[in-house]
Amino acid sequence: RSAFYLGFYDRFLRKVHDVRRSGAACIDLAWLASGCFEGFWEFALKPWDVAAGALLVSEAGGRITHFDGKGYSIFRSLETLATNGRIHDEALGVIRKQLKIKV
C-alpha cells in the first residue's frame, strides 16, 4: 500500500518544487483556496472532510474534480483533486499516468 501512495508523490515531485500535507483535508483545501497551495489530491475522504473546503476552492476560482476529471460530489469523494485551476489539467495527467487511466 505504501508503494502505491509513494508512486503519486514520486510522480508529482518530478513536476513540482515540493509536496506538503497538513494531515487534514479541510485545512489543505482552505490553504489551496487562499493561494498557499496550488494543488491537492487525496483518496477516500468523507463528506465532512471536504464539504467546506470544496466550497472555498470553488468560490476562490479553483477547480475540484474526481480523478476522472468529472464534476465533484462530496458524496462520491473516493478520489479528490483540487487545484487553483491553472494546473488542473496537468495534475490530472500526472494522476492518470500513475493510475494508468486512458482518456
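Quick notes
- Whole-Hz couplings from phi, Karplus 6.51/-1.76/1.60, listed for the stretch 31-48; x for Gly and Pro: 5, 4, 4, 7, x, 6, 10, 9, x, 8, 9, 6, 10, 6, 8, 8, x, 6
- Cross-link partners of K100 among lysines, defined as those whose alpha carbon lies under 18 angstrom from its own and excluding same-chain residues fewer than eight positions apart: K15, K70.
- Additional length obtainable on full extension of the chain from E90 to Y9, 0.36 nm per residue less Cα span: 27.7 nm
- Rg(Cα) / (2.2 N^0.38 Å) computed for the chain, rounded to two decimals: 0.98
- Label-point gap, in nm, between L78 and V16 - each point 7 angstrom along Cα→Cβ: 2.4
- Share of carbon and sulfur in the accessible heavy-atom surface of the stretch 7-80 [1.4 Å probe, %]: 55
- Length-normalised contact order for the chain - Cα pairs under 8 Å, 6+ apart - percent: 27
- Its DSSP H runs of at least 4 residues, each contributing -39,500 (n - 2.57), put the calculated 222 nm mean residue ellipticity of the chain at -14000 deg cm²/dmol, to the nearest 500.
The values are calculated or read from the model by the stated rules, or taken from the named source; none is laboratory data. Everything numeric in this text was worked out from a predicted model, so none of it was measured. Note that we place each Cβ from the backbone using ideal geometry, even for glycine, and neighbour counts take in every protein chain shown. To get the accessible areas, we keep the full protein, side chains included, count just its heavy atoms, and leave off ligands, DNA and RNA. Shrake-Rupley method; radii C 1.70, N 1.55, O 1.52, S 1.80 Å.
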